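Below: one structure, written as structure tokens.
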Amino acid sequence: MNTSADMPMIRVREVYKSFGDLKVLDGMSFDVSRGEVLAIIGPSGSGKSTMLRCLNFLEEHDAGEIFIEGEPLGYRVLDDGSRVRESEAVIARMRCDVGMVFQSFNLFPHRNVRQNITMAPVSVKGVDKAEANDRAEALLEKVGLAEKADEYPSRLSGGQQQRVAIARALAMEPKVMLFDEVTSALDPELVGEVLTVMQQLAEEGMTMVIVTHEMQFAHDVSDRLMFIDRGKVLEEGNPAEVLNMPKSARLKDFLHRFSASFS
Amino acid sequence: MDAILDFFGFAFIQSQLPRFWDGFRLTLAISGASMIGAVMWGLALVGPRMSGLPVVVVPIVAYIELVRNTPLLLQIYLFYFGLPLLGLPLSAFVCGVIAIASQHGAFLCEIYRAGIQSISRQQWEGALALGMTRRKAMRQVILPQAVLKVVPPIGNQLVILIKDTSLVSAIGIIELTLSGKMVIERSGASFEVFLFIAAAYLLLTTTFGVVLRIAENSLRARQ
């Protein structure tokens, strides 16, 4: 039996997922170790966002298994091979450990920045309100928005909103952070401030899975890079090697569009 | 000036004011009771309506379509003349209120549902990803946003409700409209009286509209 110390933070085994006739995930398997930063790249429609969304069960996999610290996510597979969906309470509890940041921020427009950050810790984890407020201040400091606590999200720039969204996810003290193309909706000049925060998180040892189109950033920040296409892992390994010495024609083709060398 | 007052039967209307006042108060009572009933009934319906369970959804949709697409007057008759046959003889007032609350509650249920559905899927996902259950997400994230969106259409619906209370005159409740008709039958002053009654309804609905606007603004300011 594995102890939790040598158990991977995330384990994905033979995961399949279709939307109607469209096969999106075609037998995905990979692990993410504690403290590791995994970047997932691939053409649009390759299944990378779907894979990421499966990791906190916002998308439900059709077959295969996903484990967070050894605990099955969403479904338990019984001895006879059939599977049982976990209760909503169990799924919600597991999501507390898996923070997620979205392309479209998804901040709550009817609450100010501080309330956005404290809402879930207070209502889900029962954290004391004053303590949650203190932690929100500290997190806002960390993402460089200490002075924006009383603003409403609509008064912030895209980059600021995304940094609040990161602080909001961190307030739950997750073990893993998922980033779903978090800079794709931003004006180019605002991308940097968000990537800086992510870089800092990575350096602090947060386990992260990043779906991104920012190749240079993926190269710089990730420990491992995974190229997926048509729902399968085509190549993975050291980011510099994967990006500079692509083996498959598909990856070569894909990288050609970015026409830069990564160093 | 006197000629104008005379034209609108001012002196006559004034002499009948106590009758109109009784009718007006009854209209107020029926409107108030039906509004509360309709708002609550709509709330009670919308949860099951959106539950996704066919055993619950199908009968509720059938009920909503039935009461929305048949005349309220008929429904009032059905409650008033039908319930006694089932051994439930309720007063005209109660039957009128139930019929109005039932139909307007059905309309309100659909308004609530539209409001809830107008909140994007991303808001749900943002809340669920933070470990909230659907119930918590609904209470803390979806409903507070939906409420603001549905206040104006709810207001419209309730103004229609106020006007619809005139239909209970058909089962002998001497509310504003019927009190006017009774005065007309004794005096023949139909033009003057109906004009006065219309003005009374207008006063009621516009006052209600102003109150609602104030409520909406304070709600917006608080969020």
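Residue check: A:Leu52 meets all listed conditions (1) without any contact (Cβ under 8 Å) to a residue 60 or more places away in the chain; (2) within 14 Å of chain B (Cβ to nearest Cβ) but one, namely (1).
If only residues of the stretch A:68-93 that are among the hydrophobic types (A, V, I, L, M, F, W, C) and within 11 Å of chain B (Cβ to nearest Cβ) are counted, the one that is nearest to A:Lys17 (Cα to Cα) is A:Ile91. Of all residues in the stretch B:174-200 being without any contact (Cβ under 8 Å) to a residue 40 or more places away in the chain and under 25 Å from the mean Cα position of the chain (by Cα), which is surrounded by the most Cβ atoms within 10 Å (Cβ to Cβ)? Top of the filtered list is B:Lys181. One residue alone among A:Asp62, A:Asp31 is open to solvent by 20 Å² or more (accessible area, probe 1.4 Å), away from every other protein chain (no Cβ under 14 Å) and in contact with a Pro (Cβ under 7 Å, 6 or more places away or on another chain), and that residue is A:Asp31. Scanning the stretch A:145-180 for residues that are in a helix (DSSP H, G or I) and touching a Ser or Thr at 6+ places or on another chain (Cβ under 8 Å) gives a single hit, A:Gln162.
Quick check on B:Ile171: is it under 16 Å from the mean Cα position of the chain (by Cα) and more than 24 Å from B:Ile13 (Cα to Cα)?
On the way: under 16 Å from the mean Cα position of the chain (by Cα): no; more than 24 Å from B:Ile13 (Cα to Cα): yes.
The answer is no for B:Ile171.
One line per residue, one yes/no per condition, for (1) without any contact (Cβ under 8 Å) to a residue 24 or more places away in the chain; (2) touching a Phe, Trp or Tyr at 6+ places or on another chain (Cβ under 9 Å):
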| residue | (1), (2) |
| --- | --- |
| A:Leu170 | no, no |
| A:Pro174 | no, no |
| A:Glu181 | no, yes |
| A:Ala185 | no, yes |
| A:Glu189 | yes, no |
| A:Glu203 | yes, no |
| A:Gln216 | no, yes |
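Of the residues making up the stretch B:188-222, those that are out of contact with any helix residue (DSSP H, G or I) (no Cβ under 7 Å at 6 or more places or on another chain) and of a type in the set (S, T, N, Q) are B:Thr206, B:Thr207, B:Asn217, B:Ser218.
A quick yes/no check of all residues on (1) at pLDDT 95 or above; (2) under 30 Å from B:Pro18 (Cα atoms):
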{"residue": "B:Val97", "(1), (2)": "yes, yes"}
{"residue": "B:Ile100", "(1), (2)": "yes, yes"}
{"residue": "B:Ile119", "(1), (2)": "yes, no"}
{"residue": "B:Leu128", "(1), (2)": "yes, no"}
{"residue": "B:Ala146", "(1), (2)": "no, no"}
{"residue": "B:Ile162", "(1), (2)": "yes, yes"}
{"residue": "B:Ser166", "(1), (2)": "yes, yes"}
{"residue": "B:Gly188", "(1), (2)": "no, yes"}
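Which ones in the stretch B:74-93 are open to solvent by less than 60 Å² (accessible area, probe 1.4 Å), within 19 Å of the chain's Cα centre (by Cα) and among the aliphatic types (A, V, I, L, M)? Scanning the stretch B:74-93 gives B:Ile76, B:Ala92. How do the pairs read when you match residues in the stretch A:109-128 that are more than 10 Å from chain B (Cβ to nearest Cβ) with residues anywhere that are aromatic (Phe, Trp, Tyr) and open to solvent by 60 Å² or more (accessible area, probe 1.4 Å), using Cβ under 9 Å and keeping only pairs 6 or more apart or on different chains? Qualifying pairs under 9 Å: A:Val113/A:Tyr152. Of all residues in the stretch A:66-80, exactly one satisfies the criterion of being acidic (Asp, Glu) and open to solvent by less than 60 Å² (accessible area, probe 1.4 Å), namely A:Glu69.
The condition (being touching a strand residue (DSSP E or B) at 6+ places or on another chain (Cβ under 7 Å) and either surrounded by fewer than 19 Cβ atoms within 10 Å (Cβ to Cβ) or facing another protein chain (nearest Cβ under 9 Å) (or both)) is satisfied by just one residue among A:Ala165, A:Ala146: A:Ala165. Taken over the stretch B:48-58, the residue count meeting the criterion of being touching a helix residue (DSSP H, G or I) at 6+ places or on another chain (Cβ under 9 Å) and without any contact (Cβ under 8 Å) to a residue 40 or more places away in the chain is 4.
Out of all the residues in the stretch A:92-108, is one or more in contact with a Phe, Trp or Tyr (Cβ under 8 Å, 6 or more places away or on another chain), without any contact (Cβ under 8 Å) to a residue 60 or more places away in the chain and farther than 25 Å from A:Glu203 by Cα? The answer is no; no qualifying residue exists. Listed by position, the helices (runs of 4 or more DSSP H) inside the stretch B:1-101 whose residues that are under 25 Å from B:Leu161 (Cα atoms) and among the β-branched types (Val, Ile, Thr) number at least 1 are B:10-49, B:54-68, B:72-77. Quick one: would you say A:Asn106 is open to solvent by less than 50 Å² (accessible area, probe 1.4 Å), in contact with a Ser or Thr (Cβ under 9 Å, 6 or more places away or on another chain), closer than 24 Å to A:Asn56 by Cβ and of a type outside the set (A, V, I, L, M, F, W, C)? Taking the combined requirement at face value, the residue satisfies it.
The values are calculated or read from the model by the stated rules, or taken from the named source; none is laboratory data. All values reported here derive from a predicted model rather than from experimental measurement. Cβ atoms come from the backbone with ideal geometry, glycine included; neighbour counts cover every protein chain shown. These accessible areas exclude ligands, DNA and RNA; they are computed on the full protein's heavy atoms, side chains included. Shrake-Rupley method; radii C 1.70, N 1.55, O 1.52, S 1.80 Å.
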